[in-house]
Amino acid sequence: MAYIIAEPCIDVKDKSCVEVCPVDCIHPTDGEGEPILYIDPDECIDCGACEPECPVEAIFAEEDLPEEWHRFIEINAKYFELKDHPAEWTKYKEAHAADFEKKA
Ligand code: SF4
Ligand code: SF4
């Protein structure tokens, strides 16, 4: 299990969560170059420290993630899988462009 960052973070990215994460698993840490921040599911220790810091309630324990934002489970994990392969990550984002849009 891990915590997940979902749709409300898009274009907000105030980085409050980055500051409190004890294992620095929320990236990009400067918030630049991505529409949203991501939590590394392999590094997150489920401490929950980030969740109450988010001003837009974008962070959820995976089991509490609302159904309409389940796509962000894959998105958070994919970023870390592909971040060392920028061309592939860009291709993934283009192929899933609608998933990175703010719908609510
Ligand atoms: S739950 Fe804890 S370890 Fe996981 S991203 Fe949030 S602050 Fe970091
Ligand atoms: S605190 Fe919330 S809005 Fe701010 S960067 Fe983290 S997830 Fe995004």
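Restricting 78, 93, 102 to those that are within 16 Å of ligand 2 (Cβ to nearest atom) and of a type in the set (Lys, Arg) reduces the list to 102.
The lone criterion from (1) surrounded by 17 or more Cβ atoms within 10 Å (Cβ to Cβ); (2) on the phi < 0 side of the Ramachandran plot left unmet by residue 13 is number (2). Pairs are defined by a Cβ separation below 7 Å, a sequence spacing of at least 6 or placement on different chains, a first member in the stretch 25-38 that is in contact (Cβ under 8 Å) with a residue 24 or more places away in the chain and surrounded by 13 or more Cβ atoms within 10 Å (Cβ to Cβ), and a second member that is among the aliphatic types (A, V, I, L, M) and part of a strand (DSSP E or B); the pairs so defined are 26/39; 36/5; 37/5; 37/26; 38/5. Scanning the stretch 66-75 for residues that are within 13 Å of ligand 2 (Cβ to nearest atom), under 12 Å from residue 3 (Cβ atoms) and of a type outside the set (Lys, Arg) turns up at least one hit.
Only a single item in (1) surrounded by 14 or more Cβ atoms within 10 Å (Cβ to Cβ); (2) more than 23 Å from residue 96 (Cα to Cα); (3) hydrophobic (A, V, I, L, M, F, W, C) is not met by residue 47, and it is number (1).
Among the residues of the stretch 31-53, those identified as closer than 25 Å to residue 93 by Cα and more than 11 Å from ligand 2 (Cβ to nearest atom) are 32, 33, 40, 41, 42, 43, 44. Specify which of the listed residues (77, 87, 49) is more than 12 Å from the chain's Cα centre (by Cα) and in contact (Cβ under 8 Å) with a residue 12 or more places away in the chain. Step by step, each of 77, 87, 49 is checked, and only 49 is more than 12 Å from the chain's Cα centre (by Cα) and in contact (Cβ under 8 Å) with a residue 12 or more places away in the chain.
Within the stretch 62-76, not a single residue is exposed (fewer than 14 other Cβ atoms within 10 Å of the Cβ), among the charged types (D, E, K, R) and near ligand 1 (Cβ under 10 Å from one of its atoms).
Every read-out reported here was derived from the displayed coordinates using simple, explicitly stated rules and does not represent laboratory data. Only a predicted model underlies this, so the values are computations on that prediction, with no experimental measurement involved. All Cβ positions, even for glycine, are placed from backbone atoms using ideal geometry, and neighbour counts span all protein chains on display.
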